[in-house]
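Notes for the one structure printed next.
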Amino acid sequence: NKTASPTSATSGDTVVYTITISNSGPGDATGVEVSDQLPAGVSYTSDTPSQGTYNSSSGIWSVGNLANGASATLTINVLVN
């Protein structure tokens, strides 16, 4: 699931993207990676993953292991050009 806040913005505004993933099982997931490219017209400023690391150049969130029933969240802040 990916959301943006605010849903509309103009040049100079900050937009926060939140990506949430979950593991519905039945087993644990290992080596989880999520790929998400930022749209044109924005510049990356920062990120906050609940676990793992995010590479802003490649758009890859390396989550690692995700237990059955667990979820993880990545927040990405961008500046609208």
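Every number in this text was worked out from the coordinates using simple rules, so none of it is lab data. Just so it is clear, the model here is predicted, and its values are computed rather than measured. In this analysis, Cβ positions are derived from the backbone assuming ideal geometry, glycine residues included, and neighbour counts consider all displayed protein chains.
Just one of (1) more than 13 Å from the chain's Cα centre (by Cα); (2) closer than 21 Å to ASN81 by Cα fails for ALA70. It is (2).
Looking at this structure, is GLY64 over 13 Å from the mean Cα position of the chain (by Cα) and surrounded by 11 or more Cβ atoms within 10 Å (Cβ to Cβ)? First the steps, then the outcome.
Working: over 13 Å from the mean Cα position of the chain (by Cα): yes; surrounded by 11 or more Cβ atoms within 10 Å (Cβ to Cβ): yes.
It is true that GLY64 is over 13 Å from the mean Cα position of the chain (by Cα) and surrounded by 11 or more Cβ atoms within 10 Å (Cβ to Cβ).
No other residue among LEU38, LEU74 is part of a strand (DSSP E or B) and among the aliphatic types (A, V, I, L, M) apart from LEU74. Could you check segment 6-24 and list, in sequence order, the residues that are in a strand (DSSP E or B), among the aliphatic types (A, V, I, L, M) and closer than 10 Å to LEU79 by Cα? Within segment 6-24, VAL15, VAL16 meet the criteria. Is it fair to say GLY27 is closer than 24 Å to ALA70 by Cβ and part of a strand (DSSP E or B)? No: the conditions fail for GLY27.
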